[in-house]
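Asker: Provided herewith is a single structure, encoded as structure tokens, for subsequent inquiry.
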């Protein structure tokens, strides 16, 4: 009986780890989609629009990264 409880406990731990792994992958994928969309939207702006926002074309990647992932 103790062996069955231990096996179930191990199975539950493995399931929790897999669930956490999948959730982590999904979160990273969602963040990457936001990052690439932000890059595209900023890249589509004119130099004047970027200047109005205080962003230069050379800092678009850094701005998009900070917007999604923080510093």
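Asker: Report yes if some residue within the range 3-10 is part of a helix (DSSP H, G or I) and within 24 Å of the chain's Cα centre (by Cα); otherwise report no.
Answerer: Applying the first criterion (part of a helix (DSSP H, G or I)) to the range 3-10 yields 3-10.
Those still in the list that are within 24 Å of the chain's Cα centre (by Cα) too: none.
No, that holds for no residue.
Asker: A further question on this structure: Only residues that are under 23 Å from residue 30 (Cβ atoms) and in a helix (DSSP H, G or I): list them for the range 51-71, please. Walk me through how you get there before you give the answer.
Answerer: Looking only at the range 51-71, we keep the residues that are under 23 Å from residue 30 (Cβ atoms), and these are 60-71.
Passing the criteria: 60, 61, 62, 63, 64, 65, 66, 67, 68, 69.
Asker: Could you tell me whether the range 11-31 includes any residue that is in contact (Cβ under 8 Å) with a residue 12 or more places away in the chain, within 22 Å of the chain's Cα centre (by Cα) and either surrounded by 10 or more Cβ atoms within 10 Å (Cβ to Cβ) or under 25 Å from residue 68 (Cβ atoms) (or both)?
Answerer: To start, the set of residues in the range 11-31 that are in contact (Cβ under 8 Å) with a residue 12 or more places away in the chain comprises 31.
If we keep only those that are within 22 Å of the chain's Cα centre (by Cα) too, we end up with 31.
Restricting the remaining residues to those that are either surrounded by 10 or more Cβ atoms within 10 Å (Cβ to Cβ) or under 25 Å from residue 68 (Cβ atoms) (or both) gives 31.
Yes, the range 11-31 contains a residue that is in contact (Cβ under 8 Å) with a residue 12 or more places away in the chain, within 22 Å of the chain's Cα centre (by Cα) and either surrounded by 10 or more Cβ atoms within 10 Å (Cβ to Cβ) or under 25 Å from residue 68 (Cβ atoms) (or both).
Laboratory data are not the source of any read-out in this text; all were calculated from the coordinates shown. Small disclaimer: the values here were computed from a predicted structure and weren't measured. Note: ideal-geometry Cβ built from the backbone for every residue, glycine included; neighbour counts use all protein chains shown.
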